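First the structure, in the form of structure tokens, and then the observations on it.
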Protein chains: 2
Amino acid sequence: MDETPATPIARPSLHDTIVNRIRSMIYDGDLKPGEKVPEKMLCETLGISRTPLREALKVLASEGTLELLPNRGARVARLTAEDVDEMFPVMGALEGLSGELACAKATDADIAELRALHYQMALHHTRAERAEYFAINQKIHEKIMAVAGNDLLVTMYEGLAGRIRRARYISSITSGRWDEAMAEHEEILAALEARDAPRLAAILKGHLRNKCEAVKEVLRSDGKSDEAAA
Amino acid sequence: MDETPATPIARPSLHDTIVNRIRSMIYDGDLKPGEKVPEKMLCETLGISRTPLREALKVLASEGTLELLPNRGARVARLTAEDVDEMFPVMGALEGLSGELACAKATDADIAELRALHYQMALHHTRAERAEYFAINQKIHEKIMAVAGNDLLVTMYEGLAGRIRRARYISSITSGRWDEAMAEHEEILAALEARDAPRLAAILKGHLRNKCEAVKEVLRSDGKSDEAAA
DNA sequence: AACCGGAATTATGCATACAATTTTTTAGCA
DNA sequence: TGCTAAAAAATTGTATGCATAATTCCGGTT
């Protein structure tokens with residue numbers, strides 16, 4: 001009979017659902033960094049037994065989303081400044097790669113779409129509409145990733161970006177840094193339109209510095225309130 | 001009381017042991033790609049119950065080492081040419097980053113150590129001692145990673161390298177490509193000694209191409225025998 | 001003889017139960 | 001009153017058992 005080992009039929013298994021559910025709880029702030037997460041509590045919240053829950057906890061721990069202390073339960077991983085300092089260079093390398101690949105693979109339609117997003121974002125920038133700006137900003141970077149056409153790259157980048165996203169750094173960007181970021185985006189678009197891979201890679205790589213500083217800023221101010229909670 | 005939330009005490013938990021044990025079984029070839037892995041069998045082999053085993057399987061699946069088919073058990077993930085084509089650019093970006101960071105952080109002692117390894121490897125090259133060459137080759141890349149001083153980078157790179165390592169590509173490198181790789185290593189050492197970060201990054205990035213081709217070569221020839229086993 | 005359909009078997013998914021470790025409470029003592 | 005220690009409670013780690021889905025095997029049919 002004809003086996004299909006290459007296409008294992010991706011059905012939405014209950015298990016991934018739990019993992020994603022807990023991840024969302026963490027990203028949405030229902031579970032706060034440093035907070036202890038008793039299994040019993042999560043079981044009741046999610047209406048499941050401990051067995052599948054614990055399987056999910058193990059997966060989340062291997063992703064770095066949770067910390068698992070032997071015999072002492074799970075806690076939401078706290079994002080330290082050291083973590084951030086390690087994460088951003090890696091994200092920079094990955095995002096740089098996305099730029100390189102995107103230059104090679106982008107169709108004219110892709111570039112047109114990015115151009116549209118860019119100018120829409122620029123509009124939000126001039127209007128000082130933070131939330132809207134950041135929403136489009138994220139879309140642009142996701143689009144570049146998508147154009148790069150490397151699923152592994154997307155997975156790894158999203159894994160890191162997700163961990164960062166908990167720190168709501170949006171509000172903390174200064175207007176000076178914001179202008180700078182917007183200027184960098186002009187260069188991003190220009191490099192992409194010129195399909196200048198090395199240049200785009202370099203810009204994207206450096207572009208993250210703004211984000212890095214903003215995140216660390218949040219950590220500094222936010223860390224204290226967390227201490228109190230713990 | 002003095003809490004220590006920053007230092008969660010890394011004791012060797014049983015779970016990680018199981019995960020590492022199964023990973024080793026896969027990397028060592030005890031479990032072959034595409035092979036179905038019945039839980040019962042592994043339970044008896046490892047002398048444990050299904051519960052902790054299943055937790056380990058979930059973790060390995062999230063790493064990409066295993067494929068988990070809902071209601072149909074686990075199988076060792078088969079490395080396809082497409083997978084390799086996605087993995088190598090990412091590994092290149094990560095290795096490039098390691099070079100950049102290493103240039104910035106390497107002490108003279110680090111460089112001396114790498115120089116020693118390099119010339120030892122060169123000797124094995126001239127003697128056509130494949131296994132010894134590759135052993136040192138790996139040590140060099142690991143050392144550069146270590147010097148870079150970014151644990152996350154190491155973790156992510158090792159995760160990918162581990163998946164590749166199953167394909168025993170060592171034997172398949174042609175002598176032409178081997179010479180090429182050795183020449184690149186000369187450049188690697190030179191760039192590091194000059195602490196030329198961009199150059200080292202670029203060389204390391206390109207250097208992987210040899211490895212990529214060798215791996216794909218193995219996959220082509222090796223895939224057929226796997227088919228028969230399945 | 002080959003193909004289709006259904007029962008028996010097997011394996012997986014989940015829940016519960018038991019064992020071991022940690023944390024908290026409480027009793028005893030200096 | 002404050003500290004130590006032991007016992008109780010709670011929580012995690014592991015094993016087992018039941019329910020469900022998938023695979024296999026067997027009999028019937030065309």
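The values are calculated or read from the model by the stated rules, or taken from the named source; none is laboratory data. Because the structure is a prediction, the values reported are computed rather than measured. When we count neighbours, we look across all protein chains shown, and the Cβ atoms used for this are built from the backbone with ideal geometry, even at glycine. The protein model used for the area step is the full one, side chains on, heavy atoms only, and it has no ligands, DNA or RNA in it. Shrake-Rupley method; radii C 1.70, N 1.55, O 1.52, S 1.80 Å.
Looking at the structure I just gave you, is residue A:101 facing another protein chain (nearest Cβ under 8 Å) and at pLDDT 95 or above?
yes
The rows are residues; the columns are (1) of a type in the set (Asp, Glu); (2) within 21 Å of residue B:87 (Cα to Cα); (3) assigned by TED's automatic domain parsing to the domain that holds residue B:112.
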| residue | (1), (2), (3) |
| --- | --- |
| B:169 | no, yes, yes |
| B:173 | no, yes, yes |
| B:199 | no, no, yes |
| B:217 | yes, yes, yes |
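Scanning for something within 16 Å of DNA strand D (Cβ to nearest atom) and under 16 Å from the mean Cα position of the chain (by Cα), does region A:67-88 turn up at least one residue?
Yes, because at least one residue in region A:67-88 is within 16 Å of DNA strand D (Cβ to nearest atom) and under 16 Å from the mean Cα position of the chain (by Cα).
Quick one: what pairs do we get from region B:138-167, first residue in the same structural domain as residue B:197 (by TED's automatic domain parsing), second not in a helix (DSSP H, G or I), C-beta under 7 Å, 6+ apart or different chains?
B:147/B:106; B:163/B:64; B:163/B:65; B:163/B:79; B:166/B:33; B:166/B:79; B:167/B:79
Return the residues of region B:16-31 that are open to solvent by 30 Å² or more (accessible area, probe 1.4 Å) and touching a Leu at 6+ places or on another chain (Cβ under 8 Å); say none if nothing qualifies.
B:21, B:23
For a quick check of your reading of the model, give me the residue pairs whose first member lies in region A:40-60 and is away from chain B (no Cβ under 11 Å), whose second is of a type in the set (Lys, Arg) and within 8 Å of DNA strand D (Cβ to nearest atom), with beta-carbon atoms closer than 7 Å and at least 6 apart or on different chains.
Note: pairs meeting the criteria are A:43/A:50.
Could you tell me whether residue B:157 is within 17 Å of the chain's Cα centre (by Cα), among the aromatic types (Phe, Trp, Tyr) and open to solvent by 10 Å² or more (accessible area, probe 1.4 Å)?
Considered against the rule, which asks whether it is within 17 Å of the chain's Cα centre (by Cα), among the aromatic types (Phe, Trp, Tyr) and open to solvent by 10 Å² or more (accessible area, probe 1.4 Å), residue B:157 comes out as yes.
Do we find a residue being assigned to a helix (DSSP H, G or I), at pLDDT below 90 and buried (at least 16 other Cβ atoms within 10 Å of the Cβ) anywhere in region A:174-197?
yes
Hey, can you tell me all the residues within region A:11-47 that are out of contact with any Lys or Arg (no Cβ under 7 Å at 6 or more places or on another chain), of a type in the set (Lys, Arg) and either within 15 Å of DNA strand D (Cβ to nearest atom) or outside any helix (DSSP H, G or I) (or both)?
Listed by number, the residues that qualify are A:11, A:32, A:40.
May I ask you to list the residues in region A:164-173 that are part of a helix (DSSP H, G or I) and open to solvent by less than 20 Å² (accessible area, probe 1.4 Å)?
Passing the criteria: only A:164.
Looking only at region B:31-59, which residues are within 13 Å of DNA strand C (Cβ to nearest atom), under 18 Å from residue A:18 (Cβ atoms) and of a type in the set (A, V, I, L, M, F, W, C)?
B:56, B:57
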